[in-house]
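Beneath this line is the structure, given in structure tokens, with notes to follow.
The values are calculated or read from the model by the stated rules, or taken from the named source; none is laboratory data. Just so we're clear, the structure is a prediction, and the values are computed from it rather than from any experiment. Every residue, glycine as well, gets a Cβ built from its backbone with ideal geometry; the counts of neighbours run over all protein chains shown.
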Amino acid sequence: MTIPFSHNDSGPTGAAPHCGDDFSADEGCFLRVPPDHALPISSTDTSGFRLLVTLGINFVIPVVQIIGGVMANSIALISDAVHNFSDFIAILISYIALRIGRKGVSTRHTFGFQRAEILGALLNVAILFCAVIFIVYEAFWRLWQPEPVSGGLVMILAGVGIAGNGFSALLLYRDSRNNLNIRGAFLHMIGDFLTSLMVLISGAVLLWRPWYWLDPLLSFLIAIFILKNCWTVLTEAVAILMNATPRELDLPEIQKFLESRPEIISAHYLHAWNLGNCGIAFTCHLTVADRLVSDTEILAEKIRHALFRQFGIDHPVFQFETVTCGNGNMLCELSGQEQPPKTPSGGLSSPAPVYRKNGYRIFGWTSRIILGLIFIAAGIPKILYPAEFAAAVYNYRILPDALVNIVALALPWVEVLVGGMLIVGVWMPGAVMIYTLLMLVFITALGYNVARGLDIHCGCFSPTSGELISFWTITRDVAILLMSLYLFFAVWVKKIFLPYSRS
Ligand SMILES: [Zn+2]
Ligand SMILES: [Zn+2]
């Protein structure tokens with residue numbers, strides 16, 4: 001699921017909005033089905049046959065899959081169904097939101113109800129998140145104690161999913177080459193198609209061999225896939241609710257564009273935000289030479305057209321001034337950031353604000369290097385002595401036997417890779433998250449076995465060192481965890497709350 005941002009992804013081609021135009025919710029926009037399974041239906045065609053068909057398909061498939069999943073005792077099938085059902089909810093929400101959006105504006109709701117769809121998307125994320133917790137919980141216990149799964153039934157019901165998702169993808173294929181939104185929906189459908197295909201293959205394997213741990217393992221993968229989609233929707237919805245500058249807009253570029261016009265002396269206090277799923281609002285102050293008010297109307301009309309053509313801005317408001325007010329910077333003083341006054345030579349006036357002091361920077365940099373070195377030092381001996389490390393993992397008596405060798409082989413490489421990424425600074429949000437999660441897993445495993453009094457080898461660094469698990473090893477890991485938590489918050493808080501900063 002994604003929420004499309006731009007007013008019109010194929011570039012604004014319609015007439016530029018006039019001041020007296022009605023900027024209603026659905027004017028010039030597609031029905032913004034969060035383009036899961038979206039159909040290119042114009043707002044005049046919402047009760048159309050194609051939407052009903054899509055809604056029908058996407059409702060029947062997950063219901064059949066959930067019933068079948070319970071009968072076949074397959075958590076992977078249920079996970080696939082949960083995802084498919086969330087797609088149905090997403091379409092339903094945008095359909096309802098479109099209806100609500102048609103209520104238009106009132107003195108109480110002067111912006112209309114366009115953001116109802118954003119609230120709906122957040123609700124869907126919340127429901128999905130609960131479903132993922134259920135899936136992970138179930139899958140964890142089944143990984144521990146695998147239960148028999150009916151491979152034949154899994155294959156049949158995964159086949160139903162393949163047919164439905166494949167059919168939806170086929171419906172979208174023709175338009176997906178011309179429209180970015182529909183292309184996104186098409187790619188999502190391909191992802192759904194492949195998920196169902198994986199479930200089908202696992203069903204076939206289960207018919208052949210009783211590897212029942214395969215089923216919960218697959219549902220973990222599907223849960224990750226669902227969470228990734230949730231994350232995209234969540235960040236985009238929060239950005240809209242926070243009135244963030246639309247991702248595709250570059251405010252300094254717009255300022256430059258406005259100031260390049262001979263009539264405009266300065267453009268300042270720029271704001272741009274998404275009204276809802278479509279439509280970009282924009283306000284700014286424009287300093288011009290003293291002139292008749294009727295003259296500024298002609299100028300405003302020209303700028304309006306230019307902004308629409310160039311940036312897709314369809315709801316601009318200008319304030320004309322003859323003397324630049326306030327400090328005349330690009331960003332409004334209301335934003336709370338103190339900025340140096342504009343330089344007389346002109347040019348871009350807002351250097352990126354400093355969000356963190358240098359001391360924090362050095363501390364963050366040091367922790368990255370230390371944490372990275374720790375993981376590399378821990379990973380390499382395990383790669384060199386795989387058999388000894390597998391024995392150490394086995395002795396923890398937490399993983400099912402079938403997974404011990406896979407984990408013992410993969411974990412050291414993950415450690416070295418993540419450690420290297422931290423040091424080099426590649427894909428920090430992901431690396432820091434994996435690091436923190438791994439530390440939590442290690443501490444849980446250590447704590448569990450210290451608590452039940454097992455005297456086993458730690459296997460923390462070199463598997464041949466013979467170090468035993470103890471309160472000391474736990475304390476050491478907690479210290480490492482605290483450092484990685486610091487990095488986690490430093491990276492993620494900045495990513496979530498300041499996604500548009502240029503620092
Ligand atoms: Zn989907
Ligand atoms: Zn001003």
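Cβ-Cβ distance below 7 Å, separation of 6 or more or different chains: which pairs start in the range 297-317 with a residue that is within 19 Å of residue 246 (Cα to Cα) and end on one that is assigned to a helix (DSSP H, G or I)?
310/257; 311/254; 313/307; 314/308; 316/304; 316/307
Name the one entry in 286, 258, 292 that is surrounded by 21 or more Cβ atoms within 10 Å (Cβ to Cβ) and farther than 30 Å from residue 83 by Cβ.
Details: 258 fails: surrounded by 21 or more Cβ atoms within 10 Å (Cβ to Cβ); 292 fails: surrounded by 21 or more Cβ atoms within 10 Å (Cβ to Cβ).
Answer to the selection: 286.
Scanning the range 165-189 for residues that are touching a Phe, Trp or Tyr at 6+ places or on another chain (Cβ under 7 Å) and polar (S, T, N, Q), which turns out modelled with the highest pLDDT?
Selected residue: 165.
Conditions tested, residue by residue: (1) within 16 Å of ligand 2 (Cβ to nearest atom); (2) surrounded by fewer than 21 Cβ atoms within 10 Å (Cβ to Cβ); (3) within 29 Å of residue 162 (Cα to Cα).
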residue	(1), (2), (3)
73	no, yes, yes
88	no, no, yes
100	no, yes, no
106	no, yes, no
131	no, yes, yes
136	no, yes, yes
139	no, no, yes
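Looking only at the range 433-487, count every residue that is closer than 15 Å to residue 393 by Cα and of a type in the set (Ser, Thr, Tyr) and tell me the total.
5
Given the criterion outside any helix (DSSP H, G or I), in contact (Cβ under 8 Å) with a residue 40 or more places away in the chain, β-branched (Val, Ile, Thr) and away from ligand 2 (no atom under 16 Å from the Cβ), identify the matching residue among 205, 160, 149. Show your work before the answer.
Working: 205 fails: outside any helix (DSSP H, G or I); 160 fails: outside any helix (DSSP H, G or I).
Being outside any helix (DSSP H, G or I), in contact (Cβ under 8 Å) with a residue 40 or more places away in the chain, β-branched (Val, Ile, Thr) and away from ligand 2 (no atom under 16 Å from the Cβ) holds for just one of 205, 160, 149, which is 149.
Given the structure, is residue 57 part of a helix (DSSP H, G or I) and more than 21 Å from residue 200 (Cβ to Cβ)?
Working: part of a helix (DSSP H, G or I): yes; more than 21 Å from residue 200 (Cβ to Cβ): no.
Taking the combined requirement at face value, the residue does not satisfy it.
Looking at the range 108-128, which of the residues that are among the β-branched types (Val, Ile, Thr) and out of contact with any helix residue (DSSP H, G or I) (no Cβ under 6 Å at 6 or more places or on another chain) is farthest from ligand 2 (Cβ to nearest atom)?
Within the range 108-128, the match that is farthest from ligand 2 (Cβ to nearest atom) is 127.
Of everything in the range 433-463 that's under 23 Å from the mean Cα position of the chain (by Cα) and more than 17 Å from residue 478 (Cβ to Cβ), which residue is surrounded by the most Cβ atoms within 10 Å (Cβ to Cβ)?
Among those residues, the one meeting the criterion is 434.
From (1) in contact (Cβ under 8 Å) with a residue 40 or more places away in the chain; (2) among the charged types (D, E, K, R); (3) over 30 Å from residue 139 (Cβ atoms), pick out the condition that doesn't hold for residue 290.
All conditions are met except number (1).
Based on what the data block shows, is residue 248 more than 16 Å from ligand 2 (Cβ to nearest atom) and either without any contact (Cβ under 8 Å) to a residue 40 or more places away in the chain or more than 30 Å from residue 91 (Cβ to Cβ) (or both)?
Considered against the rule, which asks whether it is more than 16 Å from ligand 2 (Cβ to nearest atom) and either without any contact (Cβ under 8 Å) to a residue 40 or more places away in the chain or more than 30 Å from residue 91 (Cβ to Cβ) (or both), residue 248 comes out as no.
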